[in-house]
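So the structure is just underneath, and the comments pick up after that.
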Amino acid sequence: MISQNTNIKSYNTFGIDVTAKYFGTFSSIEEIKPILQKYPNEELLLLGGGSNVLFTKDTFDGLVLVNQMKGFEVVEDTEDFAIVKSGAGEVWHEFVLNCIDRNLGGVENLSLIPGSVGASPMQNIGAYGVEIKHVFEKLEAFHIASGEVHTFSNDACEFGYRESVFKRKLKNQYIITAVYFRLTKKTKVNTSYGVIEAELAKMGVEAPSIEDVSNAVIAIRSSKLPNPKEIGNAGSFFKNPVVPISILENIQKEFPEVPNYPAGEGEVKLAAGWLIEKAGWKGKTLGHYGVHKLQALVLVNYGGATGKEIYDLSTSLIEDVKTKFGVTLEREVNIIG
Ligand code: FAD
Ligand code: EPU
């Protein structure tokens, strides 16, 4: 069922008040086809949990479809690993908990990331030393132009840091319908990200299970990231910038403590949150919106902000960080104009 002029505030975690010209949900490929045939000329916007989008206008002049394709199935089971197929419309965190319940390891570091399984390959979601490309087997996607279902291997997805082929060359051409993950039964937990070890020590855990790691990640995330049910946001608004070492060296002259991480030959990754904080923006509130007080990489809507206000704030941050540090921040959130 497609409705007209529908308010989709509850379908985007920024909580932007926006009206979709046409709006509907689907739970199978069979349901997609007739909808697309009926609205061939409308701009199409796919949503899962709406946790990585910012609407910048009051109306979306097209068709918004929410993927609700469900399913969790172990399709291959060996002594060492299992391949699990998940419907794209499953909630990511529920999928993670399902894997942990079955003692299948590999996604525990990605606990509590909002959104759907189907969107997870879009930007190769990552946290605490793990990205989905490390456990991704393949995906199935509906090709909008031909109506065929195509399969993409790990390589074909061209995963990078918060990147995939679906954000670049194949943008808006596919609807991801199912994702397959290769999960291990003999998991070596990954606690290399410093704060996880500290959290496990606080919990008094010495030989952590995948469930312990998940609990540690949940505790860390809950302590600094705002819960979208309480404060509108879309997680990190910008990517952490990768820059030539010369830029790092310049910043170090004034701030020897600047956090930085190796990122290939002659380059380093900087922490955008640190740059924004040092530019003086952390916790700044402008009316109903601003920069989160515990995590400067997260822009927040306290209620009633427009997408344009938040977008304009992000432009001010880009300009200021550029002036102060010579670094250009790139938005991570998908901007819907
Ligand atoms: P949406 O916001 O609904 O969509 C995102 C993009 O994918 C859009 O362009 C949409 O058109 C497209 N899309 C969605 N579903 C499909 C589909 N089935 N087929 C084709 N295209 C589709 N991300 C991280 O990587 N790491 C984090 O640690 C992290 N932490 C976060 C914390 C908070 C509090 C919040 C609010 C967000 C965080 N995010 C993080 C961002 C977000 O959770 C992820 O990007 C997530 O994968 C988005 O899923 P979604 O279903 O909400 O996608
Ligand atoms: N920092 C500051 N001030 C801040 C925020 C961060 O100084 O306001 C410093 C921290 O002290 C630390 C460094 O910046 O030294 C990195 O901070 P943190 O570990 O909190 O991670 P992040 O770089 O801000 C990234 C991801 C998150 C992911 C976490 C954990 C990006 C763009 N963001 O954040 O992903 O959860 O690491 O792995 O890569 C998302 O993509 O939406 C997201 C939340």
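The values are calculated or read from the model by the stated rules, or taken from the named source; none is laboratory data. What you see is a predicted model, and the numbers here were worked out from it, not measured in a lab. So basically every Cβ, Gly included, is an ideal-geometry build from the backbone, and we count neighbours across all protein chains shown. Areas reflect the complete protein model, heavy atoms only, side chains present, ligands, DNA and RNA absent. Shrake-Rupley method; radii C 1.70, N 1.55, O 1.52, S 1.80 Å.
Before moving on, here are some points about what is shown:
- Among the residues examined, residue 253 does not qualify as more than 18 Å from the chain's Cα centre (by Cα) and under 21 Å from residue 51 (Cα atoms).
- With respect to (1) away from ligand 1 (no atom under 16 Å from the Cβ); (2) open to solvent by less than 40 Å² (accessible area, probe 1.4 Å); (3) touching a residue at least 40 places away in the same chain (Cβ under 8 Å), the lone exception for residue 235 is condition (1).
- Residues being within 19 Å of residue 241 (Cα to Cα) and either touching a Phe, Trp or Tyr at 6+ places or on another chain (Cβ under 8 Å) or assigned to a strand (DSSP E or B) (or both) - total across segment 298-315: 4
- Residues that are more than 12 Å from ligand 1 (Cβ to nearest atom) and assigned to a strand (DSSP E or B) occur in segment 100-112; there is at least one.
- Filter result (free of Cβ contacts under 8 Å to residues at least 40 places away in the same chain and within 14 Å of ligand 2 (Cβ to nearest atom)) within segment 197-222: 197, 198, 199, 216, 219
- Among (1) without any contact (Cβ under 8 Å) to a residue 60 or more places away in the chain; (2) under 20 Å from the mean Cα position of the chain (by Cα), the one test that residue 39 misses: (2)
- In segment 114-131, the residue that is farthest from ligand 2 (Cβ to nearest atom) out of those that are open to solvent by 30 Å² or more (accessible area, probe 1.4 Å) and closer than 12 Å to residue 157 by Cβ is 122.
- Selected residue [open to solvent by 40 Å² or more (accessible area, probe 1.4 Å), in a loop (DSSP other than H, G, I, E, B) and away from ligand 1 (no atom under 14 Å from the Cβ)] from 187, 191: 187
- Which listed residue is in contact with an Asp or Glu (Cβ under 9 Å, 6 or more places away or on another chain) and closer than 23 Å to residue 306 by Cβ, from 6, 19: 19
- Test: residue 229 is at pLDDT 95 or above, within 21 Å of the chain's Cα centre (by Cα) and more than 14 Å from ligand 2 (Cβ to nearest atom): yes
- In segment 14-60, the residues that are among the hydroxyl-bearing types (Ser, Thr, Tyr), within 13 Å of ligand 1 (Cβ to nearest atom) and in contact with a strand residue (DSSP E or B) (Cβ under 7 Å, 6 or more places away or on another chain): 25
- If you check 21, 70, 85 for being open to solvent by 70 Å² or more (accessible area, probe 1.4 Å) and either of a type in the set (Lys, Arg) or at pLDDT below 95 (or both), only one passes: 70.
- Scan of segment 91-103 for residues that are over 21 Å from residue 220 (Cα atoms) and either under 10 Å from the mean Cα position of the chain (by Cα) or crowded, with 24+ Cβ neighbours inside 10 Å (or both), ordered by number: none
- Residues (open to solvent by less than 60 Å² (accessible area, probe 1.4 Å) and either within 14 Å of ligand 2 (Cβ to nearest atom) or in a helix (DSSP H, G or I) (or both)) located in segment 261-277: 263, 268, 269, 270, 271, 272, 273, 274, 275, 276
- Verdict on residue 182 being closer than 27 Å to residue 46 by Cα and part of a loop (DSSP other than H, G, I, E, B): no
Here's the yes/no breakdown for (1) assigned by TED's automatic domain parsing to the domain that holds residue 236; (2) in a loop (DSSP other than H, G, I, E, B); (3) within 10 Å of the chain's Cα centre (by Cα):
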{"residue": "114", "(1), (2), (3)": "no, yes, yes"}
{"residue": "119", "(1), (2), (3)": "no, yes, yes"}
{"residue": "122", "(1), (2), (3)": "no, yes, yes"}
{"residue": "140", "(1), (2), (3)": "no, no, no"}
{"residue": "145", "(1), (2), (3)": "no, yes, no"}
{"residue": "152", "(1), (2), (3)": "no, no, no"}
{"residue": "166", "(1), (2), (3)": "no, yes, no"}
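- Looking across 284, 293, 253, one residue alone is open to solvent by 70 Å² or more (accessible area, probe 1.4 Å), more than 14 Å from ligand 2 (Cβ to nearest atom) and free of Cβ contacts under 8 Å to residues at least 12 places away in the same chain. It is 253.
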